[in-house]
1. When you scan segment 133-140, do you find a residue that is within 13 Å of the ligand (Cβ to nearest atom) and of a type in the set (Lys, Arg), even just one?
2. Among helices (runs of 4 or more DSSP H) lying entirely in segment 79-164, which contain 2 or more residues that are modelled with pLDDT of 90 or more and of a type in the set (Lys, Arg)?
3. Just one of the numbered conditions (1) over 23 Å from Lys89 (Cβ atoms); (2) within 23 Å of the chain's Cα centre (by Cα); (3) loosely packed, with under 11 Cβ neighbours inside 10 Å is not true of Lys210; which one?
4. Hey, among Pro144, Pro202, which residue is on the phi < 0 side of the Ramachandran plot and within 16 Å of the ligand (Cβ to nearest atom)?
5. Name the pairs: first residue in segment 16-28 and part of a helix (DSSP H, G or I), second residue modelled with pLDDT of 80 or more and surrounded by fewer than 12 Cβ atoms within 10 Å (Cβ to Cβ), Cβ to Cβ under 9 Å, at least 6 apart or on different chains?
6. So is Ala101 more than 15 Å from the ligand (Cβ to nearest atom) and open to solvent by less than 70 Å² (accessible area, probe 1.4 Å) or not?
7. Restricting attention to segment 142-156, and to residues there that are open to solvent by 40 Å² or more (accessible area, probe 1.4 Å) and not basic (Lys, Arg), which single residue is nearest to Val172 (Cα to Cα)?
8. Would it be correct to say that Pro216 is assigned to a helix (DSSP H, G or I) and surrounded by fewer than 16 Cβ atoms within 10 Å (Cβ to Cβ)?
Amino acid sequence: MQDAGIRVKIDNIKPDNFNARKLKRFVQRWEIRDANGKLYDIKSHQFRATFVRELIKQKVPIAHVMKQFAHVSVEMTAHYLSLEEDEIKAIFSDLILKPNAKIAGLQASEIRNKLDVVFKGKTAKDMDDIILGLSKTMSFNPLPTGICLYDFRRGNCTDGDGCFMYNCPNYVTEVSFLPILKDELQLLETEMRRLKELGQEPAWQVQYVKWKYLKPLVEELEGQDIE
Ligand code: SF4
């Protein structure tokens with residue numbers, strides 16, 4: 001980049017170098033100290049949660065954020081998002097409940113049909129109020145490829161430990177998750193082909209059960225994506 005004779009070079013610094021060179025100097029310069037008075041050993045990793053939260057608040061699609069940050073578990077997702085409950089409700093209710101939301105899952109048609117009835121003849125402002133009201137009564141638990149609507153105040157769900165999501169009526173996903181779901185389907189199909197070639201029928205059956213639920217989800221979202 002060149003401006004009025006000033007040359008500025010922009011380059012990517014590896015995280016370790018950034019921590020050791022830039023952040024260390026920053027802490028020294030601004031005298032940032034811990035409770036014991038020692039210079040604070042800050043690492044760039046500590047900004048991840050804030051960075052993710054800000055991306056989501058700027059309406060960067062949540063699926064894109066999760067993909068970039070390779071969130072593979074609900075725990076990690078929740079940890080990195082570290083959003084306030086109200087913020088989660090606002091983001092997910094808008095995603096799932098807005099008029100013409102492109103959603104899929106075992107309960108998706110029922111949700112859509114109920115909302116169509118409630119939204120009929122309403123103004124945009126009325127609909128926003130309805131969504132806000134509904135979001136207050138519902139639970140939204142972020143998952144790597146969608147949302148779990150189960151209310152954990154009722155106790156743990158029966159399948160929580162082995163949550164496979166796609167066969168659960170509490171799981172709903174939205175079209176912004178489609179790229180991740182497609183990647184997952186592709187991996188699953190590759191693995192199934194490999195197991196078939198190896199003649200490992202029981203292992204193939206395990207993957208097939210997953211495929212049976214994942215494939216229609218992808219197709220349903222793809223159908224809505226081109227509408
Ligand atoms: S099994 Fe269903 S209810 Fe339980 S965590 Fe997974 S999506 Fe939610």
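1. No: zero hits.
2. Helices (runs of 4 or more DSSP H) meeting the threshold: 108-119.
3. (3)
4. From the options Pro144, Pro202, the qualifying one is Pro144.
5. Val27/Arg33
6. yes
7. Checking each candidate, the answer is Phe152.
8. Values: assigned to a helix (DSSP H, G or I): yes; surrounded by fewer than 16 Cβ atoms within 10 Å (Cβ to Cβ): yes.
In short, yes.
The values are calculated or read from the model by the stated rules, or taken from the named source; none is laboratory data. Source: prediction; values computed, not measured. Here Cβ is always computed from backbone atoms with ideal geometry, including for glycine, and neighbour counts include all displayed protein chains. Remember, those area values only see protein heavy atoms, side chains included, never the ligands or the DNA or RNA. Shrake-Rupley method; radii C 1.70, N 1.55, O 1.52, S 1.80 Å.
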